[in-house]
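What follows is a set of notes on a single structure, which appears directly below.
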Ligand SMILES: Cc1ncc(COP(=O)(O)O)c(C=O)c1O
């Protein structure tokens, strides 16, 4: 983030952090979402801090921006029926806020459990060359919204997990430049080979605070027994 912030300062740009998967994550001792001019959090139910329905928040230390965001989320109203801007209805439902304010108290504990689970997965895959595990830089704190490995035989591993009724997912299968919605930009397959390659190798393993050691062992065994096999054939 420091080089990004530096670049933005040099060129008079705003930095808006997408911290949707980063509740409690840190960069050089500072919380994700507080590094730029504004930070955006998603409280979609599956997130580290999840509501019971759709919810999200923007945080900022900039008073002017704060006022503008407040207006934008409420049909651009500066006060009732006085529309200063063209905004949207992005008000958070009070029931979601009530749930979130209780769940917030448990976020740190839940993040610590996720970190323990990640450590256990990392240990289980330590000797397996075909499985690349997430990397946590020494200046950062990862909160493992997902625990994504990279494995060349991704589709075989995925099939094996599914056969064992183990939930897994690909985050994300189609890079942005190949999305239908971005077709007008004119990119075709091969334009961003690194992103395309990653989209074929990523696999997110089960990751949530309530996972047990036995469950992680079972998942890791299924992955380890399948990874590398395709490469040998
Ligand atoms: C990185 C990232 N950004 C943005 C979003 C969008 O969040 P929401 O669906 O709450 O608007 C998500 C949700 O999955 C996300 O993971």
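Give me the angle, in degrees from 0 to 90, between the Cα long axis of helix 2-11 and the longest principal axis of the Cα atoms of the chain, rounded to the nearest 10. So the helix axis and the longest Cα principal axis differ by about 40 degrees. Shape annotation for the stretch 1-97: C-alpha extents along the principal axes are 42, 34, 16 Å, from largest to smallest.
With the contact rule set at Cα under 8 Å and sequence spacing of 6 or more, what percent relative contact order holds for the stretch 1-159? Normalised by residue count, the contact order of the stretch 1-159 is 19 percent. Largest GNM mean-square fluctuation among 171, 11, 142, using the chain with Cα springs under 10 Å: 11. By the count of neighbouring beta-carbon atoms within 10 Å, fewest first, 37, 74, 62 end up ordered 62, 37, 74. For the chain, modelled as a GNM whose springs connect Cα atoms under 10 angstrom apart, the maximal fluctuation among 173, 193, 134 occurs at 193.
Working note: 222 nm ellipticity from helices only, DSSP H runs with n ≥ 4, each -39,500 (n - 2.57), summed and divided by the residues of the chain, gives -11000 deg cm²/dmol to the nearest 500. Here 80, 31 are placed in order of increasing Cβ neighbour count within 10 Å, fewest first, which gives 80, 31.
What translational diffusion coefficient, in µm²/s and rounded to a whole number, does the Stokes-Einstein relation yield for the chain at 10 °C and a viscosity of 1.306 mPa s, taking the hydrodynamic radius as the Kirkwood radius over Cα pairs?
Values: Rh = 20.4 Å.
In µm²/s, the coefficient is 78.
Taking the longest Cα principal axis of the chain as reference, the axis of helix 94-103 is set at about 50 degrees. Counting only alpha carbon atoms, the long axis of helix 213-226 and the longest principal axis of the chain meet at about 60°. Ordering 28, 68 from the fewest to the most neighbouring beta carbons within 10 Å gives 28, 68. Mean sequence separation of contacting Cα pairs (under 8 Å, at least six apart), scaled by the length of the stretch 103-230, corresponds to a relative contact order of 38 percent. The share of Cα pairs per 5 Å bin across the stretch 58-157, counted from zero up to the longest distance, runs 2, 10, 12, 12, 12, 10, 10, 10, 9, 7, 3, 1, 0 percent. The three principal axes of the C-alpha atoms in the stretch 128-223 carry coordinate ranges of 48, 38, 26 Å, sorted with the longest axis first. Which of 156, 217, 180 moves most in a GNM of the chain, Cα contacts under 10 Å? Sorting by GNM fluctuation, first place goes to 180. Relative to one another, the C-alpha centroids of the stretch 18-34 and the stretch 81-146 are positioned 9 Å apart. With N as its number of residues, the stretch 176-228 has a Cα radius of gyration that, divided by 2.2 N^0.38 Å, comes to 1.71.
Laboratory data are not the source of any read-out in this text; all were calculated from the coordinates shown. No experiment lies behind these values; they were computed from the predicted model shown. Ideal geometry is used to build each Cβ from the backbone, glycine not excepted, and the neighbour counts take in all protein chains shown.
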